[in-house]
Amino acid sequence: KTKYSKLIFGKSNTVPEELHQMVQEGFLTLRKHDCFFQDLVRIKGKDFVTPVSRILIGNPGCTYKYLNTRLFTVPWPTEGYDINYCSPQIQDACKALIRLNDYLHIEAVKALQGQNLFETKETKDTTVIDREQNFATSLTEKGSVSKDQSSCCVPEDDYISLKNRTSYNLTLLNYMDPLQMLYLKQEPYFGMGSMAVSWHHDENLVERSTVAVYSYSCEGSAVEESNEQKLKGRDPAVWHVGLKVAWDIETPGLAIPLHQGDFYLMLDDLNMTHQHCVLAGFSPRFSSTHRVADCSRGTLEYIFGQCELALQNLQTDSDSKALSLKSLETAVVKQVEEIHNEVEFEWLRQFWFQGKRYLKCTDWWLKPMAKLEEFWRKMEIMTRLVLSEVGKEEQIEEQRNETISCFLLVLTERQRLRKEWTAR
């Protein structure tokens, strides 16, 4: 109650049976179609293959970045989008996950409302009141809440805040069979046993958003047998989620057993104040981890907007069809070249580096990627045009030097990243 109050645990018998069935069939379908992949991630300049296999499913055009690797969503069925799945079974699996997403969203709102009532009774410190008032003000400015509601600072903005922090836009699915793993690290601080995933915070999330995790371990007779023995500590046959207070090994850690169909919610800022790990059992396990990913720079809509911004500086002569730049101002050149780098290294290379695998589920990303490549080619032309312009005699020395020095920085970075990606 004192150290882990923002962790909510849901037993499998509280989840509708029909939902269990859909989701668990979905997991097995994706596994059967080889849709789970180990990611090549980068930690401290070194590349590692993750022991856990994953797939990202979520809103069309959304991406999720962790450990320098960008994953691209296999889109779940969404109104207004034409999504072509490789098989009806894969479509059903994606449909099941959006149903689970809706269910966990409702559970998270209920849990947060329960916690808010509790917190209001206990303490209402000034920072919370300030924060709520700021939130109300910013909403009023945006015009989404009427003046009289915001002045008393009650449910309406709480409700919008709750909704924003629980509206999951994607789920990262994990699969692991511990018996296939030659080596699993031991949990170092509390003697919790073998870890499938080490201590970490989830990254790239909207601040104070809830993370919801549904767990499905393919339990067989091995598990039941080991339950017979009364073991000291955790039962090694059963999967657990481990929690600890961040940067603190004095406070006892927590290990919660996860049986088939259980789920848990990490509410509010728990993901920031605490770290979690996954402790391996004996049987293979799937999990669906629903997140409110911070997509401010991670959607197709965003990157297309950036490209259009950059290409505003390119003009075509109506007669000769020759291309030229509208402006050579340092700020403009710098902005265009930085967008050029972003398209190449955050999108095109991230996608093609391991993107062919998405074709096992859907070809949805191929068209947008082709469009981004077109934009990238135009930006390559723009880079050459800057070079030829600064080479001309009539350039004012001072302006030319300024353009060159800022331009050179971005080009040097591009060169460095191209080498790094070639090595990857």
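Which condition from (1) over 26 Å from ILE106 (Cβ atoms); (2) not assigned by the TED database to the domain that holds TYR216 is the one that LYS32 breaks?
Only one criterion is unmet by LYS32, namely (2).
Among the numbered criteria (1) closer than 30 Å to GLN113 by Cα; (2) under 22 Å from the mean Cα position of the chain (by Cα); (3) open to solvent by less than 30 Å² (accessible area, probe 1.4 Å), which one does HIS20 miss?
(2) is the only condition that HIS20 fails.
Kindly indicate which of CYS35, CYS94, CYS86 is in contact (Cβ under 8 Å) with a residue 12 or more places away in the chain and in contact with a Gly (Cβ under 8 Å, 6 or more places away or on another chain).
Result: CYS94 is the single residue among CYS35, CYS94, CYS86 that is in contact (Cβ under 8 Å) with a residue 12 or more places away in the chain and in contact with a Gly (Cβ under 8 Å, 6 or more places away or on another chain).
Mind listing whichever residues of the range 73-92 are assigned to a helix (DSSP H, G or I) and more than 23 Å from the chain's Cα centre (by Cα)?
If the condition is that a residue be assigned to a helix (DSSP H, G or I) and more than 23 Å from the chain's Cα centre (by Cα), then PRO88, GLN89 are the ones that fit.
Between a first residue in the range 303-324 that is farther than 30 Å from PHE72 by Cα and a second residue that is in a helix (DSSP H, G or I) and open to solvent by less than 40 Å² (accessible area, probe 1.4 Å), which pairs have beta carbons less than 9 Å apart while being 6 or more apart in sequence or on different chains?
LEU323/MET382; LEU323/LEU385; SER324/LEU385
If you go through the range 197-211, how many residues are hydrophobic (A, V, I, L, M, F, W, C) and either in a loop (DSSP other than H, G, I, E, B) or free of Cβ contacts under 8 Å to residues at least 24 places away in the same chain (or both)? Spell out the reasoning first.
Initially, the range 197-211 is screened for residues hydrophobic (A, V, I, L, M, F, W, C), giving 197, 199, 205-206, 211.
Applying the additional criterion that residues be either in a loop (DSSP other than H, G, I, E, B) or free of Cβ contacts under 8 Å to residues at least 24 places away in the same chain (or both) yields 206.
Looking only at that region, the number is 1.
Look at LYS142 and say whether it is modelled with pLDDT under 55, touching a helix residue (DSSP H, G or I) at 6+ places or on another chain (Cβ under 7 Å) and over 27 Å from LEU265 (Cα atoms).
Values: modelled with pLDDT under 55: yes; touching a helix residue (DSSP H, G or I) at 6+ places or on another chain (Cβ under 7 Å): no; over 27 Å from LEU265 (Cα atoms): yes.
In short, no.
Output the residues belonging to the range 261-288 that are hydroxyl-bearing (Ser, Thr, Tyr) and either surrounded by fewer than 21 Cβ atoms within 10 Å (Cβ to Cβ) or assigned to a loop (DSSP other than H, G, I, E, B) (or both). Before the answer, list the steps.
The initial filter retains those residues of the range 261-288 that are hydroxyl-bearing (Ser, Thr, Tyr), namely 264, 273, 283, 287-288.
Within the range 261-288, TYR264, THR273, SER283 meet the criteria.
Looking only at residues that are of a type in the set (Phe, Trp, Tyr) and more than 17 Å from PHE304 (Cα to Cα) in the range 65-79, which one is surrounded by the fewest Cβ atoms within 10 Å (Cβ to Cβ)?
As a first pass, look at the range 65-79 and keep what is of a type in the set (Phe, Trp, Tyr): 66, 72, 76.
The next check asks that each one be more than 17 Å from PHE304 (Cα to Cα); those that pass are 66, 76.
On the way: TYR66: 18, TRP76: 22.
Per the stated criteria, the residue is TYR66.
Only one of GLU337, GLU346 is among the charged types (D, E, K, R), under 20 Å from ARG424 (Cβ atoms) and either under 21 Å from the mean Cα position of the chain (by Cα) or open to solvent by less than 30 Å² (accessible area, probe 1.4 Å) (or both); which? It would help to see each step written out before you state the result.
On the way: GLU337 fails: under 20 Å from ARG424 (Cβ atoms).
Selected residue: GLU346, the only one of GLU337, GLU346 that is among the charged types (D, E, K, R), under 20 Å from ARG424 (Cβ atoms) and either under 21 Å from the mean Cα position of the chain (by Cα) or open to solvent by less than 30 Å² (accessible area, probe 1.4 Å) (or both).
In the range 238-259, what residues are over 30 Å from LYS163 (Cβ atoms) and touching a helix residue (DSSP H, G or I) at 6+ places or on another chain (Cβ under 7 Å)?
Hits for the range 238-259 are VAL238, HIS259.
Consider only pairs whose beta carbons are under 6 Å apart and that are at least six residues apart or on different chains; among these, list those whose first residue lies in the range 168-196 and is over 30 Å from LYS95 (Cα atoms) and whose second residue is among the basic types (Lys, Arg) and in a loop (DSSP other than H, G, I, E, B).
Close Cβ pairs satisfying both conditions: MET195/LYS185.
How many residues are touching a helix residue (DSSP H, G or I) at 6+ places or on another chain (Cβ under 9 Å) and surrounded by fewer than 17 Cβ atoms within 10 Å (Cβ to Cβ) if we restrict to the range 46-64?
Result for the range 46-64: 1.
The values are calculated or read from the model by the stated rules, or taken from the named source; none is laboratory data. Owing to the predicted nature of the structure, the values given are computational and were not obtained by experimental measurement. Backbone-built Cβ (ideal geometry, glycine too); neighbour counts: all protein chains shown. SASA here: full protein model, heavy atoms, side chains in, ligands and nucleic acids out. Shrake-Rupley method; radii C 1.70, N 1.55, O 1.52, S 1.80 Å.
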